[in-house]
1. Given points 7 Å out from each Cα along the Cα-Cβ axis, report the M402 to E258 separation in nanometres with one decimal.
2. Would you please classify the overall shape of the range 236-278 from the alpha carbon gyration tensor, given that a ≥ b ≥ c denote the square roots of the eigenvalues, rounded means a/c under 1.5, and beyond that prolate means a/b larger than b/c while oblate covers the rest?
3. So what are the ³J(HN,Hα) numbers for the range 341-347, from phi and the Karplus equation (6.51, -1.76, 1.60; θ = phi - 60°), rounded to whole Hz, Gly and Pro as x?
4. Report, in debye and to the nearest 20, how large the dipole of the range 203-457 comes out about its Cα centre when Lys and Arg carry +1 and Asp and Glu carry -1 on their Cβ.
5. Apply the Karplus curve 6.51 cos²θ - 1.76 cosθ + 1.60, θ = phi - 60°, to the phi angles in the range 221-234 and return the couplings in whole Hz, x for Gly and Pro.
6. Kindly write out, for the range 428-445 in residue order, the coupling ³J(HN,Hα) from the Karplus curve 6.51 cos²θ - 1.76 cosθ + 1.60 (θ = phi - 60°), rounded to whole Hz, with x marking Gly and Pro.
7. With +1 on the Cβ of every Lys and Arg and -1 on the Cβ of every Asp and Glu, and nothing else charged, how large is the dipole of the chain about its Cα centre, in debye rounded to the nearest 20?
8. State the label only: which of [x] 22.1, 67; [y] 22.6, 71; [z] 27.1, 93 corresponds to Rg and Dmax of the Cα atoms in Å computed from the shown model?
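Just so it is clear, none of the values below were taken in a lab; they were calculated from the coordinates. For clarity, every value in this text was computed on a predicted model and none was experimentally measured. Cβ placement follows ideal geometry from the backbone for every residue including glycine, while neighbour counts extend to all protein chains displayed.
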Amino acid sequence: MSDQPHGGGRARLYGSAPQVAEALRNAGFTVLDGDGPAELHCVPLLGEVGDGVPAIPRERLLAALAAARRDGAERFVLVTDAAPFVQPEADPDRAAALAADTAWWRWLAARAATRGVPVNTVRVGHAPFLGHRLDAAAAEALARHQLVRRPVEPADLVAALRLLSGVGGGYLAGETVPLDGGLDAVYIPPVSALGGQSQPTAPAGPPAPPSTGPVLVAGASSGIGAATALRLAAEGAETVLVARRAEPLRRIAAEAEELGAVAHVLPADLSDPAVVPRLLDEAHELTGGIERLCYTAGVLRLDRPRVPADSAEARELMMRTNVASFAAMCENLVARWIDRGIPGVIASVSSVTAHSAPLSHCHSYGATKAAVAQYTRMLATTVARYGIRANVVRPGIIRTPMAGTADDSYQQAWLERVPLGRVGEPAEVGALLCALLGPDAAYLTGTHLLVDGGLHLGPIPPLRAGQRAPLAAVPSAAG
């Protein structure tokens with residue numbers, strides 16, 4: 001299954017859920033009726049939430065996970081329509097049960113990952129095809145909070161299953177794909193910063209078809225950017241490859257052309273945001289118009305508390321490269337897309353350092369990556385009304401030149417905190433970015449996905465090079 005670009009193989013479904021079975025088949029799986037090994041094990045928990053009682057049947061899930069381990073399954077997916085929160089007026093016992101379920105599920109995901117089975121969730125919002133029913137007033141109230149104003153459709157579930165079962169889901173563990181039309185971004189209508197005017201989140205009428213046009217890949221000379229560019233080429237996309245070093249870009253472009261795709265090379269130093277307008281003008285001229293942006297460019301410089309001048313210089317460099325040039329590209333492209341009615345797509349790369357502090361001397365880097373993540377998600381709420389989507393991924397330690405600067409003892413200390421027990425591969429992050437840029441992800445916007453092998457499932461103490469971390473946060477493989 002892991003060799004397939006969009007899932008495929010055999011799937012075992014626990015329980016009767018014909019709509020989920022159909023989605024698995026449409027995702028390329030053969031759904032097994034009887035015994036036999038399967039690469040994907042899928043547990044549907046739909047319409048099983050009751051007041052005051054736990055929503056998760058724990059024994060059933062443990063039995064399914066045990067079967068997945070016996071099969072040597074590559075992935076385990078929970079499909080649920082249980083809300084991630086309770087209303088303030090709800091029974092407090094139900095709220096407590098939900099909190100307990102959430103903690104138990106995180107424990108199970110960490111435990112499964114240490115045994116080589118990534119466990120992830122598809123959380124389905126309002127989906128009439130699953131039997132969900134809302135009256136007109138409730139449907140209108142829900143839509144006001146959505147960035148993509150429509151119910152979940154069968155194709156959205158198919159896309160989520162493909163994402164989690166394909167290469168792009170290989171380093172996800174304990175993560176949730178929210179099929180809720182952007183509710184995960186917690187948009188509060190009709191608040192607007194523009195003079196108190198009400199700003200609709202989405203246009204009235206049917207949405208425009210998702211963009212599948214040329215992609216600008218910033219930071220395409222190595223690591224995640226290069227892997228993304230080659231994945232896009234394998235899918236037939238025309239790309240514009242941007243980075244400071246021309247020769248590596250030419251090598252990536254040559255590989256893309258061997259795959260039958262068109263790839264243009266535009267060397268540029270993104271530490272200077274002033275180059276962005278000219279760069280985009282050239283990219284539009286080469287392609288007829290950029291319709292998708294994948295921003296993987298970034299630099300990491302260590303902060304030096306005892307040398308403030310060095311820290312200030314490093315911080316300015318990271319702010320310009322990681323944040324200012326990204327924002328300049330987004331603003332330039334969004335203005336063009338709005339003027340031309342193009343439903344463009346943006347995918348950005350943040351970091352686990354945006355929300356945690358796993359390593360020292362990187363506080364400025366973490367601040368820039370937090371800015372990238374929040375800029376992307378807030379941008380999604382602003383441009384949703386124009387049919388433009390924006391999502392962000394937050395990788396952990398990935399086998400890239402940047403990660404290679406850490407010494408072996410530090411990398412070992414980090415890996416002892418990762419339930420999957422390995423470094424992520426650029427191809428895995430690249431495949432995930434391609435999925436977010438593609439038309440199948442039309443219902444995802446304002447989403448942030450942690451690509452960290454399950455690192456977020458346990459507390460993360462600050463580590464230094466050479467310092468080994470205890471394994472108390474996650475169950476050991478022998479436990």
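1. Modelled inter-label distance: 2.6 nm.
2. On the way: a/c = 4.22, a/b = 1.95, b/c = 2.16.
Note, shape of the range 236-278 comes out oblate.
3. So the J values, rounded to whole Hz, are x, 8, x, x, 9, 10, 10.
4. Values: 22 positive and 25 negative charges, 119 e Å.
Computed charge dipole of the range 203-457: roughly 580 debye.
5. Values, residue by residue: 7, 6, x, 4, x, 5, 4, 5, 4, 6, 5, 4, 4, 4 Hz.
6. After applying 6.51 cos²θ - 1.76 cosθ + 1.60, I find 5, 5, x, 5, 5, 4, 4, 4, 5, 7, x, x, 5, 8, 4, 9, 9, 7 Hz.
7. Numbers: 42 positive and 47 negative charges, 157 e Å.
Once rounded to the nearest 20, the dipole reads 760 debye.
8. Label of the calculated value: [x].
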